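Take a look at the structure below.
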Amino acid sequence: MLRFEVLHPHDLADAFDMLTQHEGEAKIIAGGQGLMPVLKHRQLTPRQLVNIRNLSDLDYIVDGKDGLRIGALTTHQAVENSAIIKKRWPVLAEMEARLGDIQTRNWGTLVGNVCQASPTGDPAPVLLALGACLKVASNRGERLIALDDFFLDYQKTALKGVEIALEIQVPKQPARSGAAYHKESYRWTDSPIASVAAAVTLDERDRVKGARIFMQAVCPAPIRARQAEDLLAGQQVNNGLLDQVAQATAGVACPISDVYGTAEYKMEMVKVITRQVVSQAIKQAQAA
Amino acid sequence: MTQTSVVLTELPAQLEVVGKGVPRVDALDKVTGKAKYTGDFREQGMLFAKLVRSPHPHANIKNIDVSAALAYPGVKGIVLPEDAPDRRMGYFATCDRQVLPKDGRVRYVGEPIAVVVATTSEIAEEAVALVRVDYEALPAIFDAEEAMSPDCPVAIHPMKHTYSKGSAGGAVQAVPEIPNAASRFKIRKGDVEKGFKEADVIVENRFTVARVGHGRMEKYIADAWMEADGTLVVRRAKKGIWRDKDWLCQLFGLPASKVRVMESYIGGDFGGKGWVAFEGLVALAAMKLKRLVRLESTREEDFHDGTMAPGAVMYIKDGLKKDGTIVARETTMILEGGGYTGGGSGQSALCIHNGILACYNIPNWKSDGYVAYTNNPPTGTLRGVDAPRGSWAAESQMDCDAHALGMDPLEFRLKNVAREGDTCALGQVLQHISPREAIEKAAELIQWGAKSEGDGDWKRGKGLGLANYGVAPMAPSDVLVKVIRDGTIEVRHGTDEVGQGLNTVVAQLAAEEFKIKTDRVKVIFGDTLTAPWDYSSSASRCTWFTGNATVAAARDAKQQLFMLAGKRMGVAAEELDTRDGRVFCKTAPEKSIPFSDLFQYESAIGHGEILGKGYYRYQRQPFDPETGQCANYYPTYPYLAYGVEAAVNTRTGEVRVLKVSAGVDVGQPINIKMIEGQIEGGIVMAIGQSLLEEVMLKNGVHVNANFGTYRMPTVMESPYAANIKVESVGKPDPTGLHGGKPLGEMVLIPFFAALGNAIYDATGVRMTHSPMTRESVFWGLRQHANAH
Amino acid sequence: MKQLLQLKVNGEEYEVFAEPWKTLVEVLREELGITAAKESCNTGNCGACTVLLDGKAVKGCLVLASQARGHDVMTLEGLSNGDGLHPIQQAFIDHFAVQCGFCTSGMILSAKALLDENKDPTEDDVRKAIAGNLCRCTGYKKIVEAILVAAEAMKQEA
């Protein structure tokens, strides 16, 4: 294992100070389920880790009047099993139930996964489709970053070295909305070969009022399929349109050939998954 | 004391312990966490070694500069090629590997060049990065068929004509006329050209298979130290204490009394824990530094240093009569052996045929098996020693044959299946065999003939596969059986508990002899100081060899016991028998005496303990290297047939194995629960190797040497518990121990083709490359749809 | 470089010196001699190092030892306090769920975490609970069967 120092802040203020003091050299560790393998493979070589896993007051799920707020230290498992999330944001609970294995979900956190910005992370496309924001803070104060603006490139995010993500905020979804996520993977517990999340809102005549479609694992960072969304806008969805939407979604994917398969195969999987999640999201919206 | 070798023919009805699902004798240790594995020992002050490895697939080493590394704080020493012996090692076929590349050449990415020893593993690793090696890169070759071409510009082992054969002999031949051929095996039976002329239909195919790894849970780890009297001690997570002891003696020119080898419970083997290269490295470090040194692989290194199974290209041609008879078969099989084949794959030129040569009665047979050197990582033995590769080709071919004739694949197999008295491809007469019953049972359990329904995007199909296997009679076994005065029986054996359950098997055999429960048997193993000579838990030989020696030793001990008791009881020894820790008179069972009394009585005149000794060996007749023919190449022929029901997703190419049935002929099973366990485990390993697992190489670099992307099945990719069905169909083999035959390695062999045949049944797509990844099935479906 | 670390393992408090980068499984095995949890893949893919933190299964190779401070760590050694075996251990013996034994510690602890939360698991529940634990020997069938039998036994006991 790589050598590093681990700092254990007593509270957030303490953590902010540590990050400021070691700016550029320190990394935050929460559950570390994504970070630890990266450290073991020497893909990152921080001098210090600031361990926030044991801080209090950051483990919560709140269903507020503006939407859902999930604290930085809330585990995947807590999200997966939350009654309110299962009822109001089922796509989140379903995504979490397919993330890695139980051990990972028990110790890893949702916000940590987002900040890790792995190009194969399951939560990002779902949270993006739902229009989520990240509340971050440093000892200079707080700011809110729309996830749309958060993922910059391969494992690069808008989070500054001195900042800590405090919570993820998922806005209330409008009436007649639905969302779905699906990944194709080799094993049940594997990272996706490709995955797609879609959120749609319908009008009273089942025409698509709004749609957000995001892909994961087929680009250096999650990517939005705007053209596909535009194709859906104002339309009642049928098989022919679904084919076009799938095609348009794959059109913006930029996969590489690697141990998860060839770029061509990943494109094909994007099409298959897009059809599935868009029609699922629409069915859900119709039922809502 | 006597040396005896016995063959037992008791009927199953007379057996009380053997043949039953007796609980494993090691299970209590293992469920409580008390079982010790090599890595569980840790000594104060031990040093840690890390290896400097080649980044080049093929290069000459010009210079090694260790000055910066030696100066690094905490570094205690560095072992260089100049410290290593010249001798090349290997088992079976070819001795082609030096402990460190003293010949100045590296032949694969990851080949160890030097050993850095330091006070912590972190320091050792950091110092490895400070070693400067100058290389002269050489052209490299990665493809087996290119390497085998006579005008290949690269010669990987230019001195291979000087290499010797391995200590266990080996049936394969050197091939001086082909520069990169490591070994060859030929089979010539009947007249294959005549057979093809008589045939109505010829079916020809080419099949390929990727490299796969063992994926055993416990990695390589070894400790070595020198004792005060100059004895080298090596304690390692590997099998074959005596084989390693012999090797270490040969390597370092040490006398037999000055090497001690130890092992503990082994966390899985699957053929990958036999190769000695690792011990050579740590022993060198201990001898040079005179300290206790630990060398532990990372998971990535465990792939490199292991003996992964080679990839292969296989051509197969069958001549068929319209009535469904196979009249001739010709195969050419080329294995991609990597930079070195001493880890056992040299023998694969023969072994790739091992799962197919006794399944069907084929009068005319011609095979050429080759192992090619390339600049990929080395290869070696993996469960079945490449018999699964040959079977993948041949049992897929059987379905192609059947379809070419318009026959049902089961009917076609039954038409040709080997019968009692037929000769196999090696010319040996087959006796006490039940392949027909095995395939019929597998077909019955999978409900062959009942078309399974698809479900939406999922199409379903069924497939069959049959395999034989040969237990390799490589070396004899010695076993000691002690009688302890409290009635406990102690068995000492010199082979290994790799998880297969050998300790339970020998405990059952000894318990049967003394008519006690297995919890009164203590099994001692894992140290050349205390355990008698044996070869290793290899080639599915232990039940047959170590088992036979156990019974012989128990009978020897019993004989001594009866002599003592006879004198005490005033009865002739022949009148006596034993049960539950007492000796009794057969004609008057009320006349009995506990073991403890015997010792009290006799110790006064010098018999403190009773020590029985047993021995077993098998004498193979000479075989003809030009034809591969041998009258008794293998002592016995077990069989295994699988039926597989699979579902194929037509949109994604994903394949799920829904149900697997097994009909197994292991004669009279010694422990049916452990047989089930071996087969169930083999099925899931085979699901991995046929669908998910693949050693991916890019210019000689293994790019997925981790458990994240070398994808072994989890329980989620395995069938539901009730959907794996195993039934034993064999009849007792009177030449076998209690009528039993071996099993361990056979459990992978027939699965690959059975699954490929099920995919064909479901979709009409014939897969010719394994693993049948979801992507390859996807493109196969595309191509099929475009063609139809 | 080594730092003082307080850990509570199997109900006992330990004070131990370890380098800050050491993982929980490394400190358990190397510093405390508690060796039932095994290190196999070291990347969180095999589950052989599974231990319980406050009753929940985690991978000991992906948790820093210092992060376990303030939590109850349980290893296989702590499962049966007293003479008898835990019903899961007994079922693993009776149903041949053990072969080489290297995954066994993690498997049993994953099973315990499941059965403590879910008294009446289905086969699917069991499969999902041990999906993070690789076994190369058994093919899982006998492990799944043993866990289902143990669930029954624990219900009878309760």
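Rule-based calculations on the coordinates, nothing more; no lab input. Just so you know, these numbers come straight off a predicted model, no measurement behind them. Don't worry about glycine lacking a Cβ; one is built from the backbone with ideal geometry, like all the others, and counts go over all protein chains shown.
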Requested in this report: Determine which lysines satisfy two conditions relative to B:LYS321: a Cα distance under 19 Å, and not lying fewer than 8 residues away in the same chain.
Outcome: B:LYS189, B:LYS194, B:LYS197, B:LYS366, B:LYS415
Query raised in the report: How many percent of DSSP beta bridges within chain C run antiparallel, rounded to 5?
Result: 90
Query raised in the report: Do any of B:LYS50/B:LYS219; A:LYS172/A:LYS283; B:LYS239/B:LYS515 go past 23 Å between their Cα atoms, and which?
Result: B:LYS239/B:LYS515
Query - chain B - mean residue ellipticity at 222 nm from DSSP helices (-39,500 (n - 2.57) per run, n ≥ 4, rounded to 500) - result: -7500 deg cm²/dmol
Query - Gaussian network model of chain A, Cα within-10 Å springs - most flexible of A:GLY240, A:GLY67, A:GLY121 - result: A:GLY240
Report summary line: Listing B:TRP225, B:TRP392 by rising number of other beta-carbon atoms within 10 angstrom, fewest first, gives B:TRP225, B:TRP392
Query raised in the report: Can you tell me the Rg and Dmax of region C:1-79, counting just the alpha carbons, in angstroms?
Result: 11.1, 33
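Could you work out the percent of alpha carbon pairs in region C:87-157 separated by over 13 Å, rounded to a whole number?
Considering region C:87-157, 57 percent of its Cα-Cα pairs are separated by more than 13 Å.
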Query - Relative contact order (%) - chain B, alpha-carbon pairs under 8 angstrom, separation at least six - result: 17
Query raised in the report: Sorted from fewest to most neighbouring beta carbons within 10 Å, what does the list A:TYR265, B:TYR639 look like?
Result: A:TYR265, B:TYR639
Query raised in the report: Out of residues 5 or more away from B:VAL471 or on other chains, whose amide H comes under 5 Å of its own, with H placed 1.01 Å from N in the peptide plane?
Result: B:THR636
Report summary line: Quick note, chain B: a/c under 1.5 would make it rounded; otherwise a/b > b/c is prolate and the rest oblate (a ≥ b ≥ c, C-alpha gyration tensor); here it is oblate
Requested in this report: Given the peptides B:205-214, A:41-50, arrange them by the average over their residues of other C-beta atoms within 10 Å, most packed first.
Outcome: B:205-214, A:41-50
Query raised in the report: Expressed as a whole number of Å, what is the distance separating the alpha-carbon centroids of region B:58-74 and region B:523-599?
Result: 58
Query raised in the report: How much length is gained on full extension from B:SER164 to B:LEU414, taking 0.36 nm per residue of separation minus their Cα-Cα distance?
Result: 85.7 nm
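Evaluate peptide A:50-61: per residue, the Cβ atoms of other protein chains within 10 Å of its Cβ; return the mean as an integer.
2
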Requested in this report: Kindly work out what percent of the DSSP beta bridges joining two residues of region C:3-78 are antiparallel, to the nearest 5.
Outcome: 90
Requested in this report: Identify all lysines with a Cα-Cα distance to C:LYS128 below 16 Å; exclude those on the same chain that are fewer than 8 residues away in sequence.
Outcome: C:LYS56, C:LYS59, C:LYS112, C:LYS119, C:LYS141, C:LYS142
Query raised in the report: Relative to the longest principal Cα axis of chain A, at what angle does helix A:263-287 sit, 0 to 90 degrees, rounded to 10?
Result: 80
Report summary line: Residue separation between B:ALA137 and B:GLU227 times 0.36 nm, minus their alpha-carbon distance, gives in nm 28.2 nm
Query raised in the report: Taking the C-alpha atoms of the protein assembly as shown, how large are the radius of gyration and the largest Cα-Cα span, Dmax, in Å?
Result: 31.2, 106
**Report entry** Euclidean distance between Cα centres, region A:238-271 to region C:64-97, Å
**Finding:** 46
Query raised in the report: Shape of region A:1-62 from its Cα gyration tensor (a ≥ b ≥ c, root eigenvalues): rounded if a/c is under 1.5, otherwise prolate when a/b > b/c, or oblate?
Result: oblate
Requested in this report: Please list B:184-195, B:344-355 highest first by mean number of surrounding beta-carbon atoms within 10 Å per residue.
Outcome: B:344-355, B:184-195
Query raised in the report: With labels modelled as points extended 7 Å from the Cα through the Cβ direction, what inter-label distance (nm, one decimal) is found for B:ARG617 paired with C:ASP120?
Result: 6.5
Query raised in the report: Using helices alone, what [θ] at 222 nm do you get for chain A, with -39,500 (n - 2.57) per DSSP H run of 4 or more residues, divided over all residues and rounded to the nearest 500?
Result: -10000 deg cm²/dmol
**Report entry** Inter-chain shielding of C:15-21 (mean C-beta neighbours from other protein chains, 10 Å cut-off)
**Finding:** 4
Requested in this report: Please list C:67-75, A:54-62, A:213-221 highest first by mean number of surrounding beta-carbon atoms within 10 Å per residue.
Outcome: A:213-221, C:67-75, A:54-62
Report task. Write down the percent of antiparallel bridges among all DSSP beta bridges whose residues are both part of chain A, to the nearest 5. Result -> 85
Report summary line: Heads up, chain A by the C-alpha gyration tensor (a ≥ b ≥ c square roots of eigenvalues; a/c under 1.5 rounded, else a/b over b/c prolate, else oblate) looks prolate
**Report entry** Shielding by partners, peptide B:683-690 (average Cβ within 10 angstrom, other chains)
**Finding:** 2
Report task. Report, ordered by chain and residue number, the aspartates and glutamates lying within cross-link reach of B:LYS76, taken as a straight Cα distance under 14 Å and ignoring same-chain residues fewer than 8 apart. Result -> B:GLU122, B:GLU125, B:GLU126
